[in-house]
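Structure first, commentary second.
The values are calculated or read from the model by the stated rules, or taken from the named source; none is laboratory data. Only a predicted model underlies this, so the values are computations on that prediction, with no experimental measurement involved. A quick note on method: Cβ atoms are made from the backbone with ideal geometry, for glycine too, and the neighbour counts reach across all protein chains shown.
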Amino acid sequence: MKTIHNDIENIRTLKKYDPEINLYILLDQTDGIITNAVELELKQVQMTQPQVRVLTMLSREDRPVTLEELANWTFKEFNSVSTLINRMEKKDLVKKIKREGDLKTYVALTAKGSDLYHRRVTERSIHLIFEKLSGDEKTQFEAILTKLRTTTRELLGLDFKPSFLS
């Protein structure tokens, strides 16, 4: 019994001082608290982060996007994105478009959605948080986050395409 306790204590100590685990904890805590700040700001305009993610993507594109593209961009399941789009369509923030001969559903920003996103969603909390970083720090941080995102996508096989698909 004492050997098991010693083994667990050794593992606990290793995990406690593991630099990768400690970086993950810091990243998770930072993500959580920034998310809380953004959600608090969005409550003022009765929006949610998933809704704003969709409006952000649609406002950055010069074309309607597919539900699949939205799912990939937001890292959410297709069904979750579809449900979200249905709710947003009922609020007249987006519209679904079907093209003749195409089975895909496309989504576009409505005038109401565009007005809400561009005039009411200020993202002030994000600016207040990230303005504390210097230009060089922002560049380094972006490079690090991009590297981590790319590594994770590769690890999960999210960008894998079999050779028989073009």
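Sort out for me the helices (runs of 4 or more DSSP H) sitting completely within the stretch 49-153 that have 2 or more residues that are β-branched (Val, Ile, Thr). In the stretch 49-153, the matching helices (runs of 4 or more DSSP H) lie at 49-60, 78-90, 124-130. For the stretch 57-79, a residue qualifies if it is within 19 Å of TYR117 (Cα to Cα) and either outside the structural domain of ASP92 (by TED's automatic domain parsing) or surrounded by 16 or more Cβ atoms within 10 Å (Cβ to Cβ) (or both), and the qualifying residues are MET57, LEU58, PRO64, VAL65, LEU70, TRP73, THR74.
Take the conditions (1) under 25 Å from ARG153 (Cα atoms); (2) assigned by TED's automatic domain parsing to the domain that holds ARG153; ILE129 misses just one of them, which is (1). Taken together, the residues in the stretch 119-137 that are touching a Phe, Trp or Tyr at 6+ places or on another chain (Cβ under 9 Å) and over 23 Å from SER59 (Cα atoms) amount to 1. Taken over the stretch 80-90, the criterion of being farther than 14 Å from LEU70 by Cβ and in contact with a Gly (Cβ under 8 Å, 6 or more places away or on another chain) is satisfied by no residue.
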